[in-house]
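The values are calculated or read from the model by the stated rules, or taken from the named source; none is laboratory data. These numbers come from a predicted model, not from an experiment. All Cβ positions, even for glycine, are placed from backbone atoms using ideal geometry, and neighbour counts span all protein chains on display. Areas reflect the complete protein model, heavy atoms only, side chains present, ligands, DNA and RNA absent. Shrake-Rupley method; radii C 1.70, N 1.55, O 1.52, S 1.80 Å.
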Amino acid sequence: METMNDSKNVQLGFSEPIENPSDAHFVAHNSPKWIDWDGGKIGGKPSWLNPRDIPKTAPLRCSVCQRRNIKTGCEDVEATPLRFLLQIYSPADSETGNEEAFHRSLYVFCCPHPICSSLENAHESVVVLRGQLPKENEFYPIECDDDDDEEEQDVMWKNHKSDEWGVNLCAICGQRATGRCPASKQWFCCKTHQRFYHKALKKAKDCHEKIDLSNYIYQESELVVEEEPMEQSGEEANVEVDEINKSSMFADTVDKSDELLEQTDLNEMTGSGAEGTSDPWTLEFYTRIGRANGNVKSQCLRYCRWPLDDRNDDSDDLTGSNGPLWISTVDKVASEKDVPCCEYCGAKRRFEFQIMPQMMHYLRQNDHCKNSSGDANDVARSQSTLTQEGKTALLAAADIVNKAKEQGTESDLPEGFQRKQEELVNKFKATIFDNEKKEEQLDFGTIAVFTCTASCSQSRLDEQYGCYRKEFAWRQKPLD
């Protein structure tokens with residue numbers, strides 16, 4: 001079965017709207033045809049691979065919020081429940097030799113509290129769970145073909161329902177429920193989610209509408225994957241962004257009378273024009289997601305499991321082209337020593353995928369529209385693409401500004417130099433990311449996930465996570 005893991009090239013994940021509610025039956029593990037499983041899902045509620053032995057401690061809560069509550073004398077206040085971000089299907093039996101990983105899914109939960117995104121231990125506000133099953137299991141058919149008897153498939157499908165195993169799921173978050181509300185007849189994992197549901201129910205009754213839970217769970221969509229396009233070069237790259245690639249890099253397209261800063265001036269002022277030292281990670285981030293004329297800038301996920309061929313050596317896969325794409329120099333994983341080995345089997349953990357900040361736009365959307373090839377989208381792509389040439393120019397300009405600040409010679413810079421440099425960087429940032437973020441909403445730079453290279457199996461159920469095993473995630477701080 002071909003999946004996203006069969007290539008060591010980077011795979012990109014995109015959000016695809018679920019336009020018809022009935023289509024949700026075919027997303028993630030809601031379908032009995034596991035041969036069609038690929039990609040995953042974003043938002044909504046988790047679709048548990050093993051529907052019976054799901055985490056016992058529900059809801060999953062933020063340990064960062066919990067410590068903050070204790071520190072401020074609010075230890076009686078429960079920590080913020082984590083919200084489900086996404087899940088991906090990524091078998092690992094052939095790569096690890098572990099037949100228990102024939103079916104394998106990873107689930108990511110994150111604290112929505114904005115303060116958790118900027119703290120030193122922000123990565124502890126993310127929980128990644130790995131679930132896996134052998135080919136022969138209690139929940140899915142051993143063989144799955146188009147010729148399978150429909151009635152038999154229906155029986156097997158019922159085995160995948162949590163309630164078939166006496167497990168009730170929370171009406172809000174889809175995690176294990178602990179009690180049933182006598183008023184609404186719904187199951188909930190905690191009083192907080194019971195209160196959320198009744199608040200939404202009251203609003204629906206007052207407005208004579210269907211109940212809307214979008215304030216408490218993220219917008220659901222399908223996660224589809226495709227291979228990352230190759231880097232452009234030469235003339236193909238020279239036509240993408242006029243503000244960057246023309247000789248008048250800092251030209252004001254509104255007022256043509258402004259003084260222009262020529263690209264040759266940048267080269268002369270910096271020596272070579274390519275030795276800028278002001279956060280190359282951020283500009284590399286913009287450049288990489290700007291490939292294919294900006295057609296892949298909406299990528300929500302980057303996937304390349306364990307990029308190195310030898311997973312047991314001492315080399316570092318954090319800085320390779322297929323490793324994490326950090327959004328800035330600040331708060332990134334410095335070395336593999338910062339990534340703990342698997343606490344269950346002792347194997348190394350390596351990079352498998354990262355969640356991109358663009359995903360927040362789709363998690364928040366109530367009206368999810370497909371991208372089209374119309375003029376408006378072409379303009380948007382052209383405004384948010386940064387080429388290698390443009391990155392070099394911005395690095396050089398940033399270096400000039402920083403040196404001038406250090407030496408106190410900012411007044412000697414060409415008129416409008418610093419303003420134009422800052423405006424262009426902010427322009428790329430604003431067009432790539434959701435520019436309507438609110439203080440109370442989820443925020444992060446990127447979330448990089450590192451997983452056990454043995455994809456080890458559980459010999460017994462964990463008291464907290466059931467049959468699922470916890471992996472390691474690094475939540476990088478968002479850009480200022």
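Please tell me if residue 158 is assigned to a helix (DSSP H, G or I), free of Cβ contacts under 8 Å to residues at least 12 places away in the same chain and either open to solvent by less than 30 Å² (accessible area, probe 1.4 Å) or within 30 Å of residue 142 (Cβ to Cβ) (or both). Can you show your working first?
On the way: assigned to a helix (DSSP H, G or I): yes; free of Cβ contacts under 8 Å to residues at least 12 places away in the same chain: yes; either open to solvent by less than 30 Å² (accessible area, probe 1.4 Å) or within 30 Å of residue 142 (Cβ to Cβ) (or both): yes.
Yes.
What number of residues within the stretch 167-199 satisfy the criterion of being in contact (Cβ under 8 Å) with a residue 40 or more places away in the chain and loosely packed, with under 13 Cβ neighbours inside 10 Å?
Looking only at that region, the number is 0.
Just checking, which of 324, 307, 357 is at pLDDT below 85 and within 19 Å of the chain's Cα centre (by Cα)? Break it down stepwise before answering.
Working: 324 fails: at pLDDT below 85; 357 fails: at pLDDT below 85.
Answer to the selection: 307.
From the residues in the stretch 11-25 that are of a type outside the set (Asp, Glu) and more than 22 Å from the chain's Cα centre (by Cα), which one is surrounded by the most Cβ atoms within 10 Å (Cβ to Cβ)? Quick ask: steps written out before the conclusion?
Here is the first cut: in the stretch 11-25, the residues of a type outside the set (Asp, Glu) are 11-15, 17-18, 20-22, 24-25.
Subset that is more than 22 Å from the chain's Cα centre (by Cα): 20-22, 25.
Working: 20: 8, 21: 8, 22: 8, 25: 12.
Per the stated criteria, the residue is 25.
When the stretch 72-96 is examined, which residues are found to be farther than 28 Å from residue 171 by Cβ, of a type outside the set (S, T, N, Q) and out of contact with any helix residue (DSSP H, G or I) (no Cβ under 7 Å at 6 or more places or on another chain)? Give the derivation first.
So the first thing to find is which residues in the stretch 72-96 are farther than 28 Å from residue 171 by Cβ, and the list is 72-73, 75, 90-96.
The next check asks that each one be of a type outside the set (S, T, N, Q); those that pass are 73, 75, 91-93, 95.
Within the stretch 72-96, 73, 95 qualify.
Please specify each residue of the stretch 288-304 satisfying the condition of being modelled with pLDDT under 85, part of a loop (DSSP other than H, G, I, E, B) and open to solvent by 10 Å² or more (accessible area, probe 1.4 Å).
Hits for the stretch 288-304 are 291, 295.
Consider residue 87 carefully, then state whether it is at pLDDT 85 or above, outside any loop (DSSP other than H, G, I, E, B) and closer than 25 Å to residue 348 by Cα.
Working: at pLDDT 85 or above: yes; outside any loop (DSSP other than H, G, I, E, B): yes; closer than 25 Å to residue 348 by Cα: yes.
So residue 87 passes the test.
Can you tell me which condition residue 111 does not meet? The list is (1) surrounded by fewer than 21 Cβ atoms within 10 Å (Cβ to Cβ); (2) under 21 Å from residue 357 (Cα atoms), and all the others hold.
For residue 111, the failing item is (1).
Cβ contacts < 7 Å: first residue more than 12 Å from residue 477 (Cβ to Cβ) and outside any loop (DSSP other than H, G, I, E, B), restricted to the stretch 329-345; second residue open to solvent by less than 60 Å² (accessible area, probe 1.4 Å) and not basic (Lys, Arg), any location; separation 6+ or different chain. Result?
336/318
Would you mention how many residues in the stretch 97-124 are part of a helix (DSSP H, G or I) and farther than 22 Å from residue 48 by Cβ?
7
Determine, yes or no, whether residue 214 is closer than 25 Å to residue 360 by Cα, among the small types (Gly, Ala, Ser) and open to solvent by 30 Å² or more (accessible area, probe 1.4 Å).
yes
Return only the number of the condition from (1) outside any loop (DSSP other than H, G, I, E, B); (2) of a type outside the set (Asp, Glu); (3) closer than 28 Å to residue 332 by Cα; (4) at pLDDT 50 or above that residue 244 does not satisfy.
Tallying (1) outside any loop (DSSP other than H, G, I, E, B); (2) of a type outside the set (Asp, Glu); (3) closer than 28 Å to residue 332 by Cα; (4) at pLDDT 50 or above, residue 244 fails exactly one: (4).
Among the numbered criteria (1) out of contact with any strand residue (DSSP E or B) (no Cβ under 7 Å at 6 or more places or on another chain); (2) open to solvent by 50 Å² or more (accessible area, probe 1.4 Å), which one does residue 56 miss?
(1)
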